[in-house]
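Q: Sharing a structure below in C-alpha coordinates format, with a few things to ask.
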Amino acid sequence: MSDENFESGSSANSHKSSGSKSDSNSEHRDNFRQRRLRRPRRKICTFCVEKVFDIDYKDINKLKKFVTDRAKIIPRRANGCCSIHQRRLTTAIKRARHLALMQFSVD
(Lines give C-alpha, C1' and ligand atoms only; values in the text may rest on other atoms or scores of the structure.)
Protein backbone atom coordinates (compact mmCIF):
# COMPACT_ATOMS: atom_id res chain seq x y z
CA MET A 1 0.00 0.00 0.00
CA SER A 2 2.84 2.41 0.71
CA ASP A 3 4.35 1.57 -2.69
CA GLU A 4 1.13 2.57 -4.45
CA ASN A 5 1.05 5.93 -2.69
CA PHE A 6 4.69 6.54 -3.51
CA GLU A 7 4.14 5.86 -7.22
CA SER A 8 1.04 8.01 -7.45
CA GLY A 9 2.71 10.78 -5.46
CA SER A 10 5.76 10.91 -7.70
CA SER A 11 3.65 11.22 -10.84
CA ALA A 12 1.64 14.05 -9.29
CA ASN A 13 4.84 15.95 -8.46
CA SER A 14 6.18 15.51 -11.97
CA HIS A 15 3.10 17.25 -13.44
CA LYS A 16 3.64 20.27 -11.22
CA SER A 17 7.26 20.77 -12.29
CA SER A 18 6.54 20.63 -16.00
CA GLY A 19 4.56 23.87 -16.07
CA SER A 20 4.93 26.15 -19.08
CA LYS A 21 5.73 29.17 -16.91
CA SER A 22 8.98 27.69 -15.59
CA ASP A 23 10.04 26.71 -19.13
CA SER A 24 9.51 30.24 -20.42
CA ASN A 25 11.47 31.68 -17.48
CA SER A 26 14.44 29.43 -18.16
CA GLU A 27 14.36 30.31 -21.87
CA HIS A 28 14.25 33.99 -20.98
CA ARG A 29 17.25 33.60 -18.67
CA ASP A 30 19.21 31.76 -21.37
CA ASN A 31 18.48 34.45 -23.96
CA PHE A 32 19.47 37.18 -21.51
CA ARG A 33 22.78 35.46 -20.74
CA GLN A 34 23.58 35.07 -24.42
CA ARG A 35 22.90 38.74 -25.10
CA ARG A 36 24.95 39.83 -22.10
CA LEU A 37 27.92 37.59 -22.87
CA ARG A 38 28.14 38.55 -26.54
CA ARG A 39 31.32 40.50 -27.14
CA PRO A 40 31.23 43.61 -29.30
CA ARG A 41 33.00 43.55 -32.62
CA ARG A 42 36.67 44.48 -32.41
CA LYS A 43 37.38 47.98 -33.64
CA ILE A 44 40.09 48.56 -36.22
CA CYS A 45 42.59 51.41 -36.02
CA THR A 46 41.71 53.97 -38.69
CA PHE A 47 45.31 55.12 -38.94
CA CYS A 48 46.58 51.58 -39.54
CA VAL A 49 44.00 51.08 -42.28
CA GLU A 50 45.10 54.31 -44.00
CA LYS A 51 48.78 53.38 -43.31
CA VAL A 52 49.45 56.73 -41.63
CA PHE A 53 52.77 56.93 -39.80
CA ASP A 54 52.72 60.48 -38.43
CA ILE A 55 49.57 62.24 -37.27
CA ASP A 56 49.60 65.90 -38.23
CA TYR A 57 48.63 68.30 -35.47
CA LYS A 58 47.46 70.85 -38.06
CA ASP A 59 44.75 68.53 -39.39
CA ILE A 60 42.05 69.74 -36.99
CA ASN A 61 39.13 68.00 -38.72
CA LYS A 62 40.70 64.59 -38.21
CA LEU A 63 41.69 65.36 -34.62
CA LYS A 64 38.16 66.50 -33.71
CA LYS A 65 36.86 63.00 -34.40
CA PHE A 66 38.89 61.76 -31.44
CA VAL A 67 37.78 64.46 -28.97
CA THR A 68 34.43 64.66 -27.15
CA ASP A 69 32.16 67.69 -27.18
CA ARG A 70 33.63 68.53 -23.74
CA ALA A 71 37.13 68.61 -25.35
CA LYS A 72 38.30 65.39 -23.70
CA ILE A 73 40.46 62.93 -25.61
CA ILE A 74 38.49 59.74 -26.29
CA PRO A 75 40.20 56.69 -24.74
CA ARG A 76 41.65 53.92 -26.84
CA ARG A 77 39.04 51.33 -25.86
CA ALA A 78 36.32 53.64 -27.21
CA ASN A 79 37.86 54.93 -30.44
CA GLY A 80 39.58 51.73 -31.56
CA CYS A 81 43.08 53.08 -32.18
CA CYS A 82 46.09 50.90 -31.59
CA SER A 83 48.44 51.89 -28.78
CA ILE A 84 51.06 53.44 -31.03
CA HIS A 85 48.61 55.65 -32.88
CA GLN A 86 46.75 56.55 -29.68
CA ARG A 87 49.97 57.94 -28.20
CA ARG A 88 50.73 59.88 -31.38
CA LEU A 89 47.15 61.12 -31.53
CA THR A 90 47.36 62.36 -27.94
CA THR A 91 50.57 64.29 -28.58
CA ALA A 92 49.10 65.80 -31.78
CA ILE A 93 45.98 66.96 -29.91
CA LYS A 94 48.11 68.44 -27.13
CA ARG A 95 50.31 70.27 -29.67
CA ALA A 96 47.22 71.64 -31.40
CA ARG A 97 45.86 72.83 -28.05
CA HIS A 98 49.16 74.48 -27.16
CA LEU A 99 49.17 76.41 -30.46
CA ALA A 100 45.50 77.40 -29.92
CA LEU A 101 44.26 75.37 -32.88
CA MET A 102 41.99 73.36 -30.56
CA GLN A 103 40.27 74.12 -27.28
CA PHE A 104 41.48 72.89 -23.90
CA SER A 105 37.93 72.93 -22.55
CA VAL A 106 34.45 74.15 -23.36
CA ASP A 107 33.58 77.59 -21.98
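Q: For the stretch 26-46, indicate whether the set of residues that are exposed (fewer than 10 other Cβ atoms within 10 Å of the Cβ), at pLDDT 80 or above and closer than 16 Å to residue 93 by Cβ is non-empty.
A: No; the residues of the stretch 26-46 include none that is exposed (fewer than 10 other Cβ atoms within 10 Å of the Cβ), at pLDDT 80 or above and closer than 16 Å to residue 93 by Cβ.
Q: Okay, next question. Out of all the residues in the stretch 83-95, is one or more among the polar types (S, T, N, Q), touching a strand residue (DSSP E or B) at 6+ places or on another chain (Cβ under 8 Å) and at pLDDT 90 or above?
A: yes
Q: Continuing with this model, one more query. For the stretch 65-107, how many residues are in contact with a Leu (Cβ under 8 Å, 6 or more places away or on another chain), over 30 Å from residue 39 (Cα atoms) and not in a helix (DSSP H, G or I)?
A: Total satisfying the criteria: 1.
Q: Is there any pair with a first residue in the stretch 84-107 that is exposed (fewer than 11 other Cβ atoms within 10 Å of the Cβ) and a second that is in a helix (DSSP H, G or I) and not aliphatic (A, V, I, L, M) whose Cβ atoms are under 6 Å apart and which are 6 or more apart or on different chains, and what are they?
A: The qualifying pairs are 104/97.
Q: So, one more: Specify the residue that is modelled with the lowest pLDDT; the eligible residues are those in the stretch 48-79 that are buried (at least 16 other Cβ atoms within 10 Å of the Cβ) and in contact with a Lys or Arg (Cβ under 8 Å, 6 or more places away or on another chain).
A: Top of the filtered list is 79.
The values are calculated or read from the model by the stated rules, or taken from the named source; none is laboratory data. Just so it is clear, the structure is predicted and the values come from calculations on it, not from any experiment. Please note: Cβ atoms are built from the backbone with ideal geometry, for glycine as well, and neighbour counts cover all protein chains shown.
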